[in-house]
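First the structure, in the form of structure tokens, and then the observations on it.
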Amino acid sequence: MQKRTGHEIKEVWLKFFEAKGHKIEDSASLIPINDPTLLWINAGVAPLKGYFDGSRMPDNPRIVNAQKCLRTNDIDNVGLTARHHTFFEMLGNFSIGDYFRDEVIPWALELLTSKQYYGFDQSKLYITVYPTDQDTKNKWIEVGIDPNHIIESIHNYWEIGSGPCGPCTEIYYDRGEAFGKGDLSMIRDDVENDRFIEVWNIVFSQFNAKPNLSRDEYPELPSKNIDTGMGLERMACVIQGVETNFETDLFLPVIKHIESISNTSYEGQMSFKVIADHIRTVVFAISDGATLSNDGRGYVLRRLLRRAVKHGKQLGIDRPFLTPLVNTVIEMMDASYPYLRKTQAFTEQVIDKEEKKFLETLAQGEKILQQIIEKSDHLIDGADAFMLYDTYGFPVELTEEYAFQQGYRVDKAGFSLAMEAQKERARSARSSTASMQTQNPEYMQFKEKSTFVGYEHTDIESVIIKTFDDGIVVKETPFYAESGGQVSDQGVILKAGKVYTVQDVVKLPNGQFLHVLDTHDLKTEDTVTLKVDAVLRKRTQAHHSVTHLLYSTLREQLGAHVSQQGSLVGPDYLRFDFNHVSLLTEAALLDIESTVNKKIRKNSDVEIHQTTVEEAKKRGAIAEIGEKYEHLVRVIDMNDTLDLCGGTHVKNTAEIEQFAIVSIESKGSGIYRITALAKDRVYAIEEFLQGFNENIRQLTLKAESLIKEAQALNIQLKTKIFDKKTIMGSYQDVLNKRKMVVTLQKYVKSLEKQLEIEREKHSLNELNDYLKEAKDGKIIIKVEGIDPKTLKSLADRLMDHLKQGLVFLVNTYDNKLILVAKSLGDVHAGQLVKNAAKIAGGGGGGRPDFAQAGAKDVNKADDVIAYVKANT
């Protein structure tokens, strides 16, 4: 086998299939275009799926590519395994109704084994096939594969719901005994291992999966397709003969650079791998147009960058260090992606700013987190986790990592509730920021006319009439600027293949709409395409129209004194503030909800016309609070509801579909706020109320855990059975969930109190046994099934008997190790725990007199004990 660089491996692949009549498709951007179903391009076939479902036809039915991909579904495994990555490249060859099994299998063997290409030893190849796919098995035998190297596996079937599906065949390379035993069942059972490496998967997309049919009943597709994938990083690991993907030329230059920065030699440490992986991902994502933010793609990147900074600290790096790595990544990938050099300065600027910002607060945040941990039981409160996120920039996943290392977990439900409240504050803050931007002299002096055409259109071409550092103004725009409580439209601006995401749309002092862009190189007189996200616009329109129906219903049922005190209308939900003498009862809210739904079901046309402000008011139209109106105004007439409104609306109330109240709260001084959902967002009420759902789930799990623990200790607890059935799509659902949470909270507290008393008795009964293990002023022992709070108490009691010396407990609890050290002597408990935890794949630390840590590998308990005994 000839050793090749990652770039050379890719070039061999592309040229081989090009010679077989394939068209080379350039890698698509990591950011999906016109595909709201994906956050990132996460597979080689993702940009081509229109070809596979028949909605688009390619010029050439044979396609080959090397696609950039980004996945973060198993981010916690990065660095722990040899082959998990967030950013990776997938080599693929595809046939859209052209060639099939008889062509692709001989090609696969040729490419892999020919000395002209990869030159694998054929005797080291193993093939998996689906048990009923004998055609594929026979074809492999026909081209020369030893039948003893062909393994039938039920895992070899590609299917994701209804639609195209089919069996697949995977090709494995045997790296030899140096990487483990030759147990072929690991291939059959799809067990992750270091010896047999899957290098290629070929999917025969030949059937149409349908509900209620077994696989052997699926009809064949009229057009059979081939979809294959070869992970470049895995292939490089095999061809370059290194232990893991991280020692290939696709990572090692970055790792070497980290070595020089940290003055630490790389010996497989997880932190090196995490940093190398994450910096590659961030560089590519930013270069492809992603930005850092607190939601969506931006949150993913912020989390990765900050996780890399955290691992830098674990290597002793206490200064900004990621920006210099950008050039190393670009040099490493320049042969394949020269465009990275064009965006290098911007990428470095974004990373440098974010890293410095994070480091400013990280040290203080870590101290605060440690204080929170020390005052907590075994659960970090959701409000505390949110404070760390909001004030110190800790992604909640980072807080979870720190907590886990010390045997704690985070209340995610409470965090989610705090996050939702923050989002509302952020929207208000954004309005204030937009207002401040209008005080820009450059804005005020700009008076050229721009027209809003978004009532009729959501997708147009227009000419840029003015550019600013933070955005552009066009002659005509379909984008709605935030006004009257309705949020600005979301969408993109396109120019010559580039995609610019519209961050915000702001009204300038002279009435034009400024399309705020994170960064751009657009110029005056450029013709651009403006695309409003139509799905989000329709949801916003439904929420806006139903807000008017809600307002009129409140006035009808509560009285004419009710007036609008503020509102927010967006694609996800609506918020309406109003005045009243008291908080509405549950019955009143359910009645209001029902009445609004009756108005929706009247299927009334929404009539919109222009008139003067004076004439509109004479007809009884109600103006929106805080709005300034021109001489001519838009009047919305809907179900005998007459309002002045400049927003976008449905054409008929039937488009609203349905309405559900989510919550009501007091804002003080007689002002109340209703939050509600309309259209298909009503079906997402469970998602919107994830705080309640997560609370119920966590409390139920907690109760079950407490009962199991009691059973293991032969303790009888007073238990109950709960009916968790709820009503969907109604405010009644909210009431049910809230009551369920309160009931479960009381129940769990009762169980905890019962169990705490019994556990204390249990631990005290065994105290004398533990004291017998004392030797030379030290107690270093393994224990099992003791919860973290009791464990600390046990360490304290043991030390009370020792008076001075060391207590070190290694506790197996909930499939993890929890380490606790109590020291009244020369041993530094924090340093000892930190070093011992590393042996079992964990981390932690603490004060000289007390420390604790968490670790994942329960099989290393004896090794931890041996280390502590040898080093104290």
**Study point:** Cα centroid separation - the stretch 814-872 against the stretch 210-255, whole Å
**Key:** 40
Revision key, fill the gap. Calc'd 3J(HN,Hα), the stretch 514-524, phi into Karplus 6.51 cos²θ - 1.76 cosθ + 1.60 (θ = phi - 60°), Hz, glycine/Pro = x, comes to 8, 8, 7, 10, 5, 7, 6, 10, 6, 10, 4
Review point. Which far-off residues, 5 or more places away or on another chain, put their amide H under 5 Å from the one on SER563, with H placed in the peptide plane?
Key: ASN579
Study note, to complete from the structure: Of GLU159, GLU360, ordered by accessible area with the largest first and a 1.4 Å probe, the sequence is GLU360, GLU159
Exercise for review: Take the alpha carbon atoms of the stretch 379-399, find their center, do the same for the stretch 77-91, and report the distance between the two centers in whole angstrom.
Suggested key: 27
Check your understanding: Based on the Cβ-Cβ distance of GLU18 and ASP469, what FRET efficiency does E = 1/(1 + (r/R0)^6) give at R0 = 35 Å, to the nearest 0.05?
Key -> 0.20
Review point. To the nearest 10 square angstrom, what accessible area does ARG575 show with a 1.4 Å probe?
Key: 20
Practice item. Enter the accessible area of LYS20 (Å², nearest 10), with the probe set to 1.4 Å and all protein chains included. Key: 50
**Study point:** ARG847, ARG601, ARG175, reordered so the largest accessible area comes first (probe 1.4 Å)
**Key:** ARG601, ARG847, ARG175
Practice item. At 1.4 Å probe size, with no ligands or nucleic acids counted, give the accessible surface of LYS856 in Å², nearest ten. Key: 100
Check your understanding: Quick one: Karplus J couplings for the stretch 448-464, per residue in order, coefficients 6.51, -1.76, 1.60, θ = phi - 60°, nearest Hz, x for Gly and Pro?
Key -> 5, 6, 9, 10, 8, 10, x, 5, 9, 9, 10, 8, 9, 9, 8, 10, 6
**Study point:** Projected label distance in nm at THR361 and VAL143, using a 7 Å step from Cα toward the beta-carbon
**Key:** 5.5
**Study point:** Residues whose placed amide H lies under 5 Å from that of ASP504, excluding near-sequence neighbours
**Key:** VAL516
Check your understanding: FRET efficiency for LYS708 and LYS746, Cβ-Cβ distance as r, R0 = 25 Å, nearest 0.05?
Key -> 0.80
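The values are calculated or read from the model by the stated rules, or taken from the named source; none is laboratory data. From a predicted model like this one, the values you see are computed outputs, not experimental measurements. Ideal geometry is used to build each Cβ from the backbone, glycine not excepted, and the neighbour counts take in all protein chains shown. Heavy atoms of the whole protein, side chains included, go into the accessibility calculation; ligands, DNA and RNA do not. Shrake-Rupley method; radii C 1.70, N 1.55, O 1.52, S 1.80 Å.
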